[in-house]
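Everything below concerns the one structure shown next.
The values are calculated or read from the model by the stated rules, or taken from the named source; none is laboratory data. Owing to the predicted nature of the structure, the values given are computational and were not obtained by experimental measurement. Neighbour counts are summed over all protein chains in view; Cβ atoms, including those assigned to glycine, are modelled from backbone coordinates with ideal geometry.
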Ligand SMILES: [Ca+2]
Ligand SMILES: [Ca+2]
């Protein structure tokens, strides 16, 4: 084969080896989940999971009641309102709508109803995580009234500076079925302590 023919055969291969001449795809921008203004209380349910056994056993299974200002009330065992029973190790992840920043002292208050069942709290700045554990199985029942109680969490404990998504997980770990209709910790709501209370919302401690 003549040299010129060899060159003609080799050139397309060389061009191919150098890659396509079409423009490279534009990288997808990383969402800035911290751009919004955080709410005082949970603004949306980001995700939730409760074991099937607990869902079948419990009668307080609506995660949307953990949104907004705490409002647990009523009488037990079957006439409470305002909380979701987390069951055996279940959780609800609430979206504050924007990021809060670590400030001196506690940053988050979790309202846990009825008695002092423990909860674990995790936080993230993205709905997809990673979630960082703030504290595990913390007793949660400083009284507000006969039904409402709370406990507090400090972002600094976890070594994180910002948080938007707050996952509250049952820390009671009461095996299911346990013979009640409100198994596990009972989540009433969350409050971002560093966010100024919006006018019109009820004042709480
Ligand atoms: Ca703090
Ligand atoms: Ca509630």
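Annotations
- Note on the range 43-54: residues that are surrounded by 15 or more Cβ atoms within 10 Å (Cβ to Cβ) and farther than 11 Å from residue 92 by Cα total 4.
- The single residue among 79, 85, 126 that is in contact (Cβ under 8 Å) with a residue 60 or more places away in the chain, out of contact with any strand residue (DSSP E or B) (no Cβ under 6 Å at 6 or more places or on another chain) and on the phi < 0 side of the Ramachandran plot turns out to be 126.
- Test: residue in the range 107-116 that is over 30 Å from residue 78 (Cα atoms) and away from ligand 1 (no atom under 15 Å from the Cβ): no
- Residues being closer than 20 Å to residue 126 by Cα and either at pLDDT below 95 or out of contact with any helix residue (DSSP H, G or I) (no Cβ under 7 Å at 6 or more places or on another chain) (or both) - total across the range 80-100: 8
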